[in-house]
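Everything on this sheet refers to the single structure shown next.
The values are calculated or read from the model by the stated rules, or taken from the named source; none is laboratory data. Keep in mind that this is a model prediction, so the values were computed, not measured. No Cβ is skipped: glycine too gets one built from the backbone with ideal geometry, and neighbour counts run over all protein chains shown.
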């Protein structure tokens, strides 16, 4: 019917995007048209039924409009656009990042030669006059022995100071003597530690391996030696005592 098409157009214009509430004048005009238009009444249908259909259609149109507004608001919020009323979705605070911690530093383990650390150990500085005085009072030495010690074995005649050092490195023991600040090698050979209190020194003398055993006493970074192998003579015993038993020998850092 012509009036039904008019109502359909009015409903469609109501649910299309636009105001969520129709003007009151348009609604009143539509209701007057419905009331003044003659209808063919079916005897089996109550006369009041058509009056009930119009509000139902209007209610459906209003429900569709509300549903469309709700879907649009949901889509806007899911896409991150400002929500209804201009409220933007709150952003989550960035997670705090802990600063990397430095790896703990460790002191390197020193290389060891038995109970001793690898390195050079320096003995005390002696006065030459004291060494000569010790030789003069040693009754086991002859005059020739004293001359050999001062002029050859220690080479200290006319000098002021004397000291010895012992280097332990790569299985070799090197004994050096410093006279008035000038250092020269005295002897060298292999070494070993049969136990924590023994040092064995093997050196070559005139093509022959000479083994000397020392009692070893370690005290932190220092040690002292005491010869336990018999000497080959009075001069050899005196020089060995001055060189190896004049400690303590302290590790040079």
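Summary table below
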{"quantity": "Condition broken by residue 199, with the remaining ones in (1) under 18 Å from residue 124 (Cβ atoms); (2) under 44 Å from the mean Cα position of the chain (by Cα); (3) in contact (Cβ under 8 Å) with a residue 24 or more places away in the chain satisfied", "calculated": "(1)"}
{"quantity": "Members of segment 143-157 found to be surrounded by 11 or more Cβ atoms within 10 Å (Cβ to Cβ) and at negative phi, listed by number", "calculated": "145, 146, 147, 148, 149, 150, 151, 152, 153, 154, 156, 157"}
{"quantity": "Hits in segment 164-176 (condition: touching a residue at least 60 places away in the same chain (Cβ under 8 Å) and out of contact with any helix residue (DSSP H, G or I) (no Cβ under 7 Å at 6 or more places or on another chain))", "calculated": "165, 166"}
{"quantity": "In segment 219-253, residue modelled with the lowest pLDDT [restricted to those that are surrounded by fewer than 16 Cβ atoms within 10 Å (Cβ to Cβ), within 46 Å of the chain's Cα centre (by Cα) and over 24 Å from residue 128 (Cβ atoms)]", "calculated": "253"}
